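To start, the structure itself, in structure tokens.
Computed from the coordinates by the stated procedures, all read-outs in this text should not be read as laboratory data. Since the structure is predicted, the reported quantities are computational estimates derived from the model, not experimental observations. All Cβ positions, glycine included, derive from the backbone under ideal geometry; neighbour counts span all protein chains shown.
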Amino acid sequence: MKFLSFFRRKKLKTESIPVVAEEIITSPKLSSLHPLSQEKCWTGQFKAMLNLIPVVGGTMAQEVQNFQDYRTMELFRNFVAFVMEMIDTTEEERKEFADEVAEKANDSSGNVIVNMVDKLDNIHKQKVFANLSKARINKELSIEDFFRIHSILVRIPYVDLESLSKYSKPYYDYDGDSELLFATGALKLASISSDKENLYVLSHLGESLLEFGLKKKVDVDREKGMQMDVSGAVLDDKEIGDSISERAGKIVDDAMTFQVL
């Protein structure tokens, strides 16, 4: 990624970005900032965040208004949106979270979190990501599921996030989002049909994304195992296995008959 041109002018290394990000997230003064009243105010808020960091922060805050690189400005705009959703957590909670992220990813928390923020293609996803981060802080998600659900969030188009709640029961959307959401891991197959569309239901990770990221609690009608609808007859897991075994046996018998002939 192309980073700040003023880093070069001021002889600051590009590695400073994750360092700055980590210092902002763990700053004890972060909670003193006021939430954004509107998204266009993000530049001023970013300068305020930078001023929490001695020396480097002040220099960067003076230069940010002159910076014109759109891609990097988008990164900082999204980072501000994420951080401002975290100000209702304590310094101790954020430090513990940052340390856990660093340990699990085997990298600095600044690097990891900046990359996670940057992968999200819509600024409104940053609130969802912050909600997932707070869910991990509150031990509502495992650290592994935190990373897994972020990966799902990256791949789901923002316009389809609201569609997740429709899959609290087996469902197929003829508008085309079912297969896409299934490919992200947010859905699992509920039933396979030979003469109509397959049905999908929320996976456990998809349900967690809905509950902790989007703050929508749903009761998921998730049948045990998967059903197969063959010519109008619905088979459960055991029947599916029996059917497969029967067909496999028939194939073997046919092969033996062919060899005898």
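For S191, the amide hydrogen comes within under 5 Å of the amide hydrogens of L199, Q227, counting only partners 5 or more places away or on other chains and with H modelled in the peptide plane.
Once the chain from K139 to D118 is taken as fully extended at 0.36 nm per residue, the excess over their C-alpha distance is 5.1 nm. Dividing the C-alpha radius of gyration of the range 103-205 by 2.2 N^0.38 Å, with N its residue count, gives 1.20.
Between V154 and E223, the distance separating the two model label sites (each 7 Å from Cα on the Cα→Cβ line) works out to 3.4 nm.
Shown here is the pair-distance distribution of the range 116-165: with all Cα-Cα distances grouped in 5 Å bins from zero up to the longest one, the shares run 5, 21, 32, 25, 15, 2 percent.
In the structure shown, the pairs K29/K216; K95/K125; K95/K169; K104/K169; K127/K196 are assessed against 28 Å; a Cα-Cα span above that value is assigned to K29/K216; K95/K169; K104/K169; K127/K196. Label sites at Y174 and M73, each approximated as a point 7 angstrom past Cα along Cα to Cβ, lie 4.5 nm apart.
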